[in-house]
Each structure stands twice: as C-alpha cells, then as structure tokens.
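Written out below as structure tokens is the structure these notes cover.
The values are calculated or read from the model by the stated rules, or taken from the named source; none is laboratory data. What you see is a predicted model, and the numbers here were worked out from it, not measured in a lab. Every residue, glycine as well, gets a Cβ built from its backbone with ideal geometry; the counts of neighbours run over all protein chains shown.
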Amino acid sequence: MLFAPVLSRWSDGPRRRLTRLVGRIRRAVRYEAHAYWRTRPIRPHHVLYEAFNGSGLLCNPEALFRQLRNTPDQGHLRHIWALKDPRLARREFRHDRTVRFVKSGSPAYYQALATSRYLISNATFPPQFSKRVGQIYLNTWHGTPLKHMGYDMADGAFGTSNIVRNFVSADYLLAANPFMARQMYERAYKLDGIFHGRMLLAGYPRIDRQTLSAAESQSARSRLAQLNPGGREIVLYAPTWKGSSFAHPDDDLDALLERVQHIEAGIDGSRYIVLLKTHQAVHALASGRADLARILVPNDLPTNVVLGLAGILVTDYSSIFFDFLATGLPIVFFTPDLTDFEQTRGLYLAPTELPGPVCRTVAEVVAFIGQIADHGRLPAFTERYRIAQHDYVGQDDGAASARVIDIVFRGADPSPLLRVPSAAVRTSVLIYLGGMKPNGITSAALNLLGAIDHERFDVSVTFAKSAAPVRRANQRLIDPRVRQFARIGGMNGGVRQRLARRRAARADAAGGAGSLGARITSGARATSAADADFTAEFTRCFGDSRFDHVVDFSGYGPFWAELLLHSPPAVRSIWLHNDLGADAHRAIGGVKRMLRGLTETFARYDRYDHLVSVSPALSEINAEALAAYAPRSKFTVAHNTVDVERILRGAADVSQPCIESPATAATTTFVTIGRLSPEKNQTRLIRAFALVHARNPFTRLVIVGSGPLKAELTALILDLELSAAVTLTGALANPYPVLAAADCFVLSSDYEGAPMVILEALVLGRAVVTVAFASVHDALPQAAGLVVPQTDAGLAAGLTAFLRGDVVASAFDHEAYGRRAVAEFYRAIGVTDLGADTERHFPLDDDLDAELAELAPSTAAGR
C-alpha cells in the first residue's frame, strides 16, 4: 500500500493520454466520414431534423415532421431525426420504415447532414456544417425572444459565431411574427443587409400543436397520468434557464422546487396541480432529481402539447408565453430577480407591456391564481393581452405548418409571407482583421472600423475565434456597428484533401508567379480540388453572404489570403503593412520562420485586385521587391487611421498599469512600444540609452512589448548594469497610460511600414525620436519629430537632442488626417462612388499622399 499513491499518479498519465488518443481517433473517423459523404450525391427525398442539438423530437421541427407524415403528397419523403439518445424515440416509430434515427455527432449523423436534401433545425448545426449546392436549409429557431439576444447581450458578439453562420446559410428563416423578424434576426443578429435567403412570416408550426383533437388530448393526458392522476387543472410553471452559457446553465432547481411547493400550498389543491416544465438546457439536470419526479413534465412530451393542456401559465422571461397567447388563457409572470435580470441580460419588453401581472413574490402569484379561479380571467389585463395576441400570434391559426410545407417542399410562391428588408442597401465590405493579438495591425484595424461611414457601408469582419483573454479583449473593442464572423472549426475534408492542399500551396510558393501562370486558362484560374475545398470553406464560414469588397487587412497568412479569394465575385484587396520582402527573410534564432508562409501569400497576389501598402515609400519598396508576383499597377496606398478617442480614453484609464513615479522630478523617461523581435532592434536602443544614461543619470527607458528576444534583451540590460534604469513591462493590453506618462517616444526599428505607435504618440502630445527607415518620412507627418541615423551613436545623439530641448512635441491635426486616411481606404479597396461630401473634400484626382504629409506643422528640430 506504500506505493499506491505513486502507482495511482503513474496510471493517471497514461490514462489521460489514452483518452486523448481515443478522442483524436474518433474525431478523425468523423472527419473522414463527413469528407466521404460530402462527395456523394444528395438524396432528394431525405429530410434531416434536429431540435435543440439533439434533445428530442421537439419544437418546430417536430411539428413539421408530423405534418409532413400526414400529408399525402409528401409520402415519398424519408425522415431522419438526429438525437443525443435515439433509443428514446424509436418505440413510437418502430414499424414506420420512412423514419429513422441517428445519434448526433456520429458518422451516420454527418452522412445525413451531408446528403439530405432538406435540413431543418430550430437551433444550429455544428461548426463542420457547410451547406452543399442542392441542399435546402430551413431554420425555424425556437421562439420569440423576450430577453436580449445576440449582439444586444453584454459581450454577445462572442457567442454569435455559429448562430450567425447558420442563419446566413439558411434558405429560409422562420419568424413567428414581425417583432421577432425585426428585433432578433435583423437587429440582434445583424442580418439586415447580409441575409440573402427568405425570411418567412408564416406563424409558428409548433403553435399548431396546441390545438389538440380529442384523441391527441387523451394521449397527452395519459402521458401525464402519473403526475396528475386526478385530472386536475394544470398550472404550468415554465421558467427560462439562467446563467452565462446555454451549454452550462445555472443549477437553480432547489429554488424552483421550493417555489412550486409554496404555490401548491397557497392554491386550491383539489382543483389545481402545479407542474414544472424546465428549459431544454436545464432538463438534463432536473431529470436526475428524485424529488422533482412528481412534478417534472417529461422532456419528450412537446412543450406546445403541454401548453394545449394547461389552464394557467406561470413563467418569467421565457419565450413560452408568446406561444401560450394563442390559447387565450391567463399568464402570470413570476420574476423575483427582475431588477438584476434587466441589468445583466436585458428585456425587449417593459414589465408594463407584458400581457399579465408581474409578481415579485410567491404570495402575489398565489393571489392572482385565486383571482383566475374566481373569475376565469384577469380583467385588468384584457387590453394588454389583446394587443399582444395581435402583435405576436396574429398569424397562428393552426395552419402554419401547412404554409411552411407548401413553400419549402412544394415550391409555392412565398411572396405574400416574405419579410421585406427594412434598411436601405449599403455597400458591403468583408475585412479579415488578422490574429487579434495586441499589435500594430490590430490597432490599425480597430481604428479603421471606427472611422468607416457605417451609414454607407455594411461592414463585416472575420478572424479566428479565440478564448485567449487578450484576443477576446481586442474583440470587445470592435465597433458595435460591425458584424462579426468569428471563424470556428476547421476545413472539411479528409487527410488526402489536407495533404493535397498543402502540396498545392508549397508548389505555388516554390514556383512563384511562374507556377501560377501555368495554372491560368483563358484569364481564369483553372478549377482544382483545392479550389473546391476553399469554396466550400467560404460557404461554411459565411453561408450565402455576398460582399462588394473583400479585404485581407492582415496580409500575413496564406490560408486567409486563399480563403478570401473564394468569395463570390467581389473587388479583393490585400494589405502590406511592412517591407514584406524583408519580413520574409527575417531570422530569429537563425530560422526564417515567416519565409514559407509569406512566400505562399505572395503567390496569391496576382489574383488580388489591389495590393495596399500603408505609405507611398513602402508601396515603392514592396512593388520592387515583389515584382515577380504582381505588376506594379496593382500596388497602391492607404495610410492607417487613428482612433483618437480610444487613445485618450485609454490614457486616462487609472485602473491600467502605468510606469512608476520617478525618484525625482528631474528624471526623463523614454518609452518604446513594439514586439521584442529582431526588426524592432531594441538592442540598439538599449545600447544607445546606455551611452546617454552614463552622462545623464536622471534618465530611464521603458520598453513595452513581448516577444522572442525577451531573454536576450534582459541579459543585455544586466550586462550593461542598467537594471535600475531600464524596464521591460511585457505586453500591455492598454499601453496608453505608459505612453502618456513618458516624456519622449523612441523608435529603433530596422524597417517599418507606417507604425501606428508614432501616430498614437503624436495624439498624446509626445515628442518623437526615430531612426531612419525607408518609410520614415511617410510615418512622420510634416517634420513631426527627429529622424536620426540607424546607429547606436545616431540614436544616442537623438536622445541627447531631446534632453537639450531641441526636440519638442508637435501639434497634430488628427481630424484632417483621419478624414483623408479613410478616404484613401475607400479608394484602395475599389470604391469609386465616395459620395458627394467625400468627393467635395477629396476629389479623385487629388494627391492625398501629399496632403497627408502636411497635417502637422514643423517642429524646432528638422530632419
């Protein structure tokens, strides 16, 4: 027994590795199966249904399924249900050969997803789903929202990725009423202007299920016989789920049980019984509780069938009350946490708009149930109830399923039921933002999104979804007017397809423009398996979305550069933020880590319409260095924009770390901000600062950033005995307090594009000293700052000049700069109609580059 703990720890490691291995094998099998079936013919009579990600035969898909089975001219259909546990439903249909069940997430599931002609979901299909040509996707969703959804929620954009992706893939979106179409689809999920399917205002199929025949009523009551043996009138308590994640709801079942018990104690138990209907997200927790068994409605009994049996509904913020309006029966709202819920989640309707009393205590609920028992209704809420019925269930006449089937399965004209878009058509732009790391490209992208005219442009952005805190923090900074397509999951396809794509990419990179030329036929790139894969991936990420302009704002990754080339026809532009030829050959630890990726990116330049550098000098450098990949005519310029409000707000944020107060007021602080990598050459800055500090001890240097050279720079600081004078802060989510507190900003890079941090320093009124690099005079408007040679001595001389008072901060007309920079962006992406106001200030034949260079006055120190 002495060795038991050791053996236990030893066995845990192999067990975890084995578990991970098994998981990888299962995923590989799933991917291979899905890849195979995506190559097979679509089965024209197959219908795949999935409700609440496989929770059961439920909601609108269940209502449509049953209607289709009872429709004579649809007898040719074969129905496939995706369920987490198919055993739960097989008994009812064991003799029906037109119905079968697959386990959600299994190879059989992905077969059905890839080959069924009709796809029906009330939530979302998984990230691997990419609609194929010939498939018809109907998304019904699962209710009119009372609580905030999508972008209307705090940090809601993070959770929208798979939902928006599914919505824009749908051929049909079903809206229960105009409010749902407008408030949820168009606004909360930002579908206005991007959804190219058909939004149907046909009523809700699941509400059809509330009108029960005598046989249906008897069957449903028999299902509840154990809960309600005496056949009493049902008071249905149906609260929504609580918590921050649908997948991991709060376990508040103890509180729910206590509330049911208190309601039971206060009402006429001989007449009423209280039953609990939990939300789908909570039912798995509730079904395992023995103390709930006597009141818990079975999850496989459709909610709307239960509503058809209930006499009174007690709910809180659930969309279930909208459905119940169709019965005309009383609703009581029990919201003890109303204040907190309004603040944390938010509601679309005020309590005074709800069609029933809003109660904060069980005693109030009991009292209103008593009024209903005495009068059969709540007269004080009659008018509110009537208005709500008109607004939310005005089309629910029991025939919604038939209308939907007529359009989707028979091809009937949907025009009378179509939702007409409410907003004017804007020019659509898709922008890939890059890795969302805290760097200059991310800052430039965020600034641009705030500067674009959103009344004229419908802007979407894309990036790889990440849970990393620093990337999520940058995601939160995206302008709220912008639609986000955060990419989740990976490309479909098996091992052979992935290897084939890799070989094709390497061949392009190895052959440069010559290899691409061999793949051009009659001016169009020849179709290939890799093309088909990327076209399918664009569909997987963006559904049926169409964009007028597509922009790779990062420009550093071959995957995204290729993916954006497979959008439907658009004007496509790719950004060049730096001397990319130099970047490709930059070595870290003797290894050129970016060479292959950038070379593969260069090989795609000939298929882009515009290659956009961020300064005129940089455009000349890139046009010359990359001439083998694209003609000079494609190279153009757009200066980076600057978000002054964000910079000033960040600088004033007292909660953010700042540099410590100096030992004396006479201390001068120099600061630099940038990645700790070779091209930034902080090594030169530290050596130059050592020369200055030796003669001026009341000086210090703050270096903000992280990167592969941290250890090397730390060692240099120790070797030069500068530990007390030089600080490495690491990466800071908000570096502006540090920049604002310093006296002078210093840049020591070997090469740059148009470094955002110089503009940020100018906005904060900092003096600038920078070494000379090819695009330095584009980066510094009109002599703002001092440019010195790229040597230790030259940089030391620049720092000394600042100490003498020869370099002072410059006035920077950031408003004029911003207007001109955003006009350059429009032109760079191919927008020809800039609008009367823009054309008046910046006519097309203006030399914007010259104007941009004149926006800051000369300083005391020239160049």
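Against the test of being surrounded by 16 or more Cβ atoms within 10 Å (Cβ to Cβ), of a type in the set (Gly, Ala, Ser), at pLDDT 75 or above and over 11 Å from Glu600 (Cβ atoms), the options Ala513, Ala530 yield a single qualifying residue, Ala530. Checking each residue in region 71-83 for being surrounded by 15 or more Cβ atoms within 10 Å (Cβ to Cβ) and either modelled with pLDDT under 95 or farther than 12 Å from Tyr49 by Cβ (or both) picks out Thr71, Gln74. Condition first: buried (at least 21 other Cβ atoms within 10 Å of the Cβ) and more than 16 Å from Val461 (Cα to Cα). Can you find one or more residues in region 567-577 that meet it? Among the residues of region 567-577, at least one is buried (at least 21 other Cβ atoms within 10 Å of the Cβ) and more than 16 Å from Val461 (Cα to Cα), which makes the answer yes.
Among the residues of region 16-42, the ones that are surrounded by 10 or more Cβ atoms within 10 Å (Cβ to Cβ) and part of a loop (DSSP other than H, G, I, E, B) come to 4 in all.
Scanning region 676-686 for residues that are surrounded by fewer than 19 Cβ atoms within 10 Å (Cβ to Cβ) and in contact with a helix residue (DSSP H, G or I) (Cβ under 9 Å, 6 or more places away or on another chain) yields a total of 2.
Each row is one residue, and each column tells you yes or no for (1) among the charged types (D, E, K, R); (2) out of contact with any strand residue (DSSP E or B) (no Cβ under 9 Å at 6 or more places or on another chain); (3) assigned by TED's automatic domain parsing to the domain that holds Arg66; (4) under 30 Å from Glu645 (Cα atoms).
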| residue | (1), (2), (3), (4) |
| --- | --- |
| Tyr385 | no, no, no, no |
| Ser401 | no, yes, no, no |
| Leu418 | no, no, no, no |
| Ala424 | no, yes, no, yes |
| Ser428 | no, no, no, yes |
| Leu433 | no, no, no, yes |
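Residue-level check: of (1) surrounded by fewer than 23 Cβ atoms within 10 Å (Cβ to Cβ); (2) under 30 Å from His454 (Cβ atoms), Ala779 misses just (1). Could you tell me whether Leu309 is under 23 Å from Glu364 (Cα atoms) and either in contact (Cβ under 8 Å) with a residue 60 or more places away in the chain or touching a strand residue (DSSP E or B) at 6+ places or on another chain (Cβ under 7 Å) (or both)? Spelling it out, it is not the case that Leu309 is under 23 Å from Glu364 (Cα atoms) and either in contact (Cβ under 8 Å) with a residue 60 or more places away in the chain or touching a strand residue (DSSP E or B) at 6+ places or on another chain (Cβ under 7 Å) (or both). Apart from one condition, Leu349 fits all of (1) in contact with a helix residue (DSSP H, G or I) (Cβ under 6 Å, 6 or more places away or on another chain); (2) more than 23 Å from Pro205 (Cβ to Cβ); the exception is (1).
At least 1 residues being of a type in the set (S, T, N, Q) is the threshold, and among the strands (runs of 3 or more DSSP E) wholly inside region 653-755 those reaching it are 668-673, 699-704, 726-730. The listed residues are Tyr110, Tyr137, and the only one of them that is over 18 Å from Val408 (Cα atoms), under 26 Å from the mean Cα position of the chain (by Cα) and surrounded by 22 or more Cβ atoms within 10 Å (Cβ to Cβ) turns out to be Tyr110. Listed by position, the helices (runs of 4 or more DSSP H) inside region 215-321 whose residues that are buried (at least 17 other Cβ atoms within 10 Å of the Cβ) and at pLDDT 95 or above number at least 1 are 253-266, 303-309.
Among Asp579, Asp548, which is of a type outside the set (S, T, N, Q) and touching a strand residue (DSSP E or B) at 6+ places or on another chain (Cβ under 6 Å)? After ruling out the rest, the residue left standing is Asp548. Here Leu449 meets the list (1) in a loop (DSSP other than H, G, I, E, B); (2) buried (at least 17 other Cβ atoms within 10 Å of the Cβ) almost entirely, failing just condition (1). Pairing each residue of region 688-700 that is in the same structural domain as Ala724 (by TED's automatic domain parsing) and surrounded by 20 or more Cβ atoms within 10 Å (Cβ to Cβ) with any residue that is in a loop (DSSP other than H, G, I, E, B) and of a type in the set (Val, Ile, Thr), provided the two are 6+ apart or on different chains, yields C-beta distances under 7 Å for Thr699/Thr667; Arg700/Thr667. Taking region 434-461 as the range and being in contact (Cβ under 8 Å) with a residue 40 or more places away in the chain and either on the phi > 0 side of the Ramachandran plot or aliphatic (A, V, I, L, M) (or both) as the test, the residues that pass are Gly434, Ile441, Ala444, Ala445, Leu446, Leu448, Ala451, Ile452.
For region 104-113, state whether one or more residues are out of contact with any Gly (no Cβ under 6 Å at 6 or more places or on another chain) and assigned to a strand (DSSP E or B). So far as region 104-113 goes, no, none of its residues is out of contact with any Gly (no Cβ under 6 Å at 6 or more places or on another chain) and assigned to a strand (DSSP E or B). Of all residues in region 51-72, which are touching a helix residue (DSSP H, G or I) at 6+ places or on another chain (Cβ under 7 Å) and over 20 Å from Val297 (Cα atoms)? Within region 51-72, Leu64, Gln67, Leu68, Thr71 qualify.
Test Ser401 against the criterion of being hydroxyl-bearing (Ser, Thr, Tyr), within 21 Å of Asp252 (Cα to Cα) and in contact (Cβ under 8 Å) with a residue 40 or more places away in the chain, and give yes or no. The answer is no for Ser401. Scanning for something outside the structural domain of Ala293 (by TED's automatic domain parsing), more than 24 Å from Ile273 (Cβ to Cβ) and surrounded by fewer than 16 Cβ atoms within 10 Å (Cβ to Cβ), does region 191-204 turn up at least one residue? Taking every residue of region 191-204 in turn, at least one turns out to be outside the structural domain of Ala293 (by TED's automatic domain parsing), more than 24 Å from Ile273 (Cβ to Cβ) and surrounded by fewer than 16 Cβ atoms within 10 Å (Cβ to Cβ). Screening Gly376, Gly411 for residues that are at pLDDT below 95 and either touching a Phe, Trp or Tyr at 6+ places or on another chain (Cβ under 8 Å) or loosely packed, with under 13 Cβ neighbours inside 10 Å (or both) leaves exactly one candidate, Gly376. For region 593-603, the criterion of a residue being of a type in the set (Ser, Thr, Tyr) and either under 22 Å from Ala779 (Cα atoms) or free of Cβ contacts under 8 Å to residues at least 24 places away in the same chain (or both) is satisfied by no position.
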